[in-house]
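Down below is the structure, laid out as structure tokens.
We did not get these values from a lab; they are worked out from the coordinates using the rules stated. These numbers were taken from a predicted model, which means no experiment stands behind them. Note that each Cβ is placed from the backbone with ideal geometry, even for glycine, and that neighbours are counted across all protein chains shown.
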Amino acid sequence: MQVVTDTGNAPSQDTGHYAATFAALRSTFFANKTRDISWRKQQLLALKTMLVTHEQDIHRALNQDLGKCETEAHTSETGFLLSDLKHTLKHIDSWADLRHVSTPLAAQPARSYLQPEPLGVVLTIGAWNYPVQLLLAPLIAALAAGNCAIVKPSELAPASSALMASLLPQYLDEDAVAVVEGAKEETQALLALPFDHIFYTGGEAVGKIVMSAAAKHLTPVTLELGGKSPCIVDASCRLDVTARRIVWGKWMNCGQTCIAPDYILIEKGFAEAFLAALEREITKQYGPEPLQSKDYGHIVNTRHYERLCQLIADLQCRIGGERDDGKRKLAPAVVLNPPADSTLMQEEIFGPVLPVIELENIEDSIGFIRGRAKPLALYLFSEDHVFRDKVLTQTSAGSVCVNDTMMFMTNANLPFGGVGGSGMGRYHGQYGFDTFSHLKSVMVRASKFDVAVRYAPYSRFKLWLLKKLL
Ligand code: NAD
């Protein structure tokens with residue numbers, strides 16, 4: 001495991017150094033070291049030991065970067081990864097095994113199967129909002145599938161990035177995994193290399209840079225992007241539990257979550273009752289002064305803090321919106337009916353501001369969502385099964401959660417990824433393993449018998465028989 005640290009202040013542009021790291025990993029890959037299932041399991045167990053041994057160090061770094069409290073740090077980062085590791089270790093043998101499929105009569109006698117094979121040397125680029133989870137979850141999948149990897153933590157979560165750069169080499173095989181710290185220049189230098197797969201998590205603009213760099217080598221990409229995730233609140237929902245679950249999903253990590261509800265769509269006559277329930281629930285979860293709550297985080301940096309303050313600068317908050325500039329803290333803020341052309345409704349919020357949009361009829365929510373980019377997540381609170389089916393069949397989203405927010409992430413049997421503008425590709429559980437594998441098609445034909453029907457010279461009889469067989 002190697003660490004290549006660049007500060008970002010004086011970008012090294014050391015493409016040659018990265019190329020050497022890449023070449024070293026590639027020779028490990030070609031030495032077949034990482035194909036061995038027991039090697040893969042060792043790496044996963046080493047990651048588990050690292051997470052368990054250094055859980056407190058990791059939580060401290062997350063607190064420093066984002067003000068994450070212990071419970072959030074565990075549930076959304078270390079605990080999430082430990083359960084990912086448990087699931088992966090439990091299933092790795094069957095995922096890596098041959099996947100037999102049937103063979104048509106025309107090709108008999110033969111056996112057909114898919115043989116999962118690792119891709120080679122992959123690059124995973126992490127984002128700052130869940131800086132440990134989003135760096136290591138793709139790495140778990142990449143290692144389980146038998147790849148070598150370079151991982152690049154986000155420079156915007158510097159404490160987590162430095163900790164990962166110091167811990168990972170102590171636990172993982174240095175011949176197979178390297179950490180590169182750095183920012184834009186370092187990432188671009190890495191992107192110039194001919195990786196076998198690039199797994200990027202972050203915003204759309206950089207996603208385009210990643211994809212065009214990958215195109216030069218025809219490298220496949222997974223883009224885990226973001227966007228505006230809508231949340232429909234139908235009057236048939238159970239109001240209190242709806243408010244509780246929205247408050248949890250929206251204000252965890254201070255709203256800096258790619259799948260946080262970005263805005264609420266609600267019918268006019270129901271909005272006031274919902275706002276009252278929301279306000280009660282914010283107070284229940286974060287107290288009357290959320291800025292003082294030990295469970296409420298801060299905004300990652302001054303640029304994002306100012307961006308968020310700017311979003312609501314000319315708008316009236318129906319609930320909250322108090323600020324502590326020194327600590328980069330912005331209390332849960334709810335804005336009723338912001339203008340459709342406001343930045344708040346045009347761009348992903350990625351912070352603790354929640355617009356609530358009143359509609360004449362809740363069914364208008366379908367057209368509202370269809371008129372915008374396909375979201376990463378869609379939330380629907382409703383006990384009306386006919387309406388639920390309508391939303392599920394007439395809208396598109398990476399994932400949908402009915403009557404809750406974000407909980408689909410806890411199910412490793414559900415793939416996670418966007419659609420359209422919210423990303424491409426998927427991971428979690430076997431979907432991650434498959435993302436970092438090539439499922440090679442193999443047909444093994446018997447050679448004892450050889451029916452000559454497909455060979456020239458052709459005849460009318462052979463053609464007749466072929467038509468029957470194919
Ligand atoms: P970020 O700034 O941490 O950037 C992501 C990565 O891109 C970093 O490693 C960074 O070094 C690199 N990078 C930045 N600028 C670059 C450039 N010009 N060229 C090459 N590389 C560059 O993350 P962000 O973009 O601020 O993240 C926020 C976005 O990420 C939001 O849109 C959010 O929804 C999305 N997101 C998605 C997921 C998901 O799983 N789908 C998870 C978290 C965040």
Any chance you could give the angle, 0 to 90 degrees and rounded to 10, that helix 204-215 forms with the longest Cα principal axis of the chain?
10
What relative contact order, as a whole-number percentage, does the chain give when Cα pairs under 8 Å and 6 or more residues apart are counted?
19
Quick check: pseudo-label points 7 Å beyond the Cα along Cα→Cβ at Lys184 and Asp324, how many nm apart are they?
3.2
Using a simple charge model, +1 on the beta-carbon of Lys and Arg, -1 on the beta-carbon of Asp and Glu, nothing else, what dipole does region 143-214 show about its Cα centre, in debye to the nearest 20?
240
What pairs in Lys41/Lys68; Lys41/Lys90; Lys86/Lys250; Lys284/Lys329; Lys216/Lys374; Lys33/Lys152 have C-alpha atoms more than 21 Å from each other?
Lys41/Lys68; Lys86/Lys250; Lys216/Lys374; Lys33/Lys152
Taking 0.36 nm per residue of separation between Lys86 and Ala205 and subtracting their Cα-Cα distance, the length gained on full extension comes to 39.4 nm
Ranked Trp128, Trp39, criterion: other C-beta atoms within 10 Å, fewest first:
Trp39, Trp128
Taking a spot 7 Å from the Cα of Ser94 along the direction of its beta carbon, which residues of region 426-468 have an amide N less than 17 Å from it?
428-434
Given +1 on the Cβ of Lys and Arg, -1 on the Cβ of Asp and Glu, and no further charges, what dipole in debye does the chain carry about its Cα centre, rounded to the nearest 20?
2360
Can you give the Kirkwood hydrodynamic radius of region 326-413 from its Cα pairs, in Å with one decimal?
14.9
Yeah, region 157-229 with a ≥ b ≥ c from its alpha-carbon gyration tensor (a/c under 1.5 is rounded, else prolate when a/b outruns b/c, oblate otherwise) is oblate
Among residues other than Met443 whose Cβ falls under 14 Å from its Cβ, what is the net charge (Lys/Arg +1, Asp/Glu -1)?
+4
So if we plug the beta-carbon distance of Asp240 and Gln170 into 1/(1 + (r/R0)^6) with R0 = 41 Å, what FRET efficiency do we get, rounded to 0.05?
0.30
Could you order peptides 323-332, 148-157, 94-103 by the average number of other Cβ atoms within 10 Å of their residues, highest first?
148-157, 323-332, 94-103
If the label point sits 7 Å along Cα→Cβ of Lys468, residues of region 94-115 with amide N under 13 Å come out as 106
Kindly list the residues of region 245-267 that lie in the label zone of Thr71, defined by a backbone N under 17 Å from the point 7 Å along the Cα-to-C-beta vector.
245-255
Once Lys and Arg are counted +1 and Asp and Glu -1 for all other residues with Cβ under 12 Å from that of Gly371, the total becomes +3
Top positive-direction residue, dipole computed over the chain with Cβ charges, set Ala96, Leu172, Ala213:
Ala96
Tell me which lysines have Cα within less than 28 Å of Lys468's Cα, excluding those fewer than 8 residues away on the same chain?
Lys448
Give the residue from Ala23, Ser83, Ala137 lying farthest towards the positive end of the charge dipole for the chain; charges sit on Cβ (+1 for Lys and Arg, -1 for Asp and Glu) and the dipole is referred to the Cα centre.
Ala23
Work from the charge dipole of the chain (Cβ charges, +1 for Lys and Arg, -1 for Asp and Glu, about the Cα centre) and give the residue of Cys317, Ala331, Ser422 farthest towards its positive end.
Ser422
Add -39500 (n - 2.57) for each DSSP H run of 4 or more in the chain, then divide by its residues: what number comes out at 222 nm, to the nearest 500 deg cm²/dmol?
-12500 deg cm²/dmol
Cβ-derived FRET efficiency at R0 56 Å, His385 paired with Val442, nearest 0.05:
0.80
Can you bin region 262-334 into rounded, prolate or oblate? Criterion: square roots of the alpha carbon gyration tensor eigenvalues sorted a ≥ b ≥ c, rounded for a/c under 1.5, prolate for a/b above b/c, oblate for the rest.
oblate
Global size of the chain as Cα Rg and Dmax, reported in angstrom:
25.1, 88
Based on other C-beta atoms within 10 Å, arrange Val419, Val451 from fewest to most.
Val451, Val419
Under a Cβ-only charge scheme (Lys and Arg +1, Asp and Glu -1), can you give me the dipole magnitude of region 230-414 about the Cα centre, in debye to the nearest 20?
580
Summarise the long-distance tail of P(r) for region 230-414 by giving the % of C-alpha pairs beyond 24 Å.
33
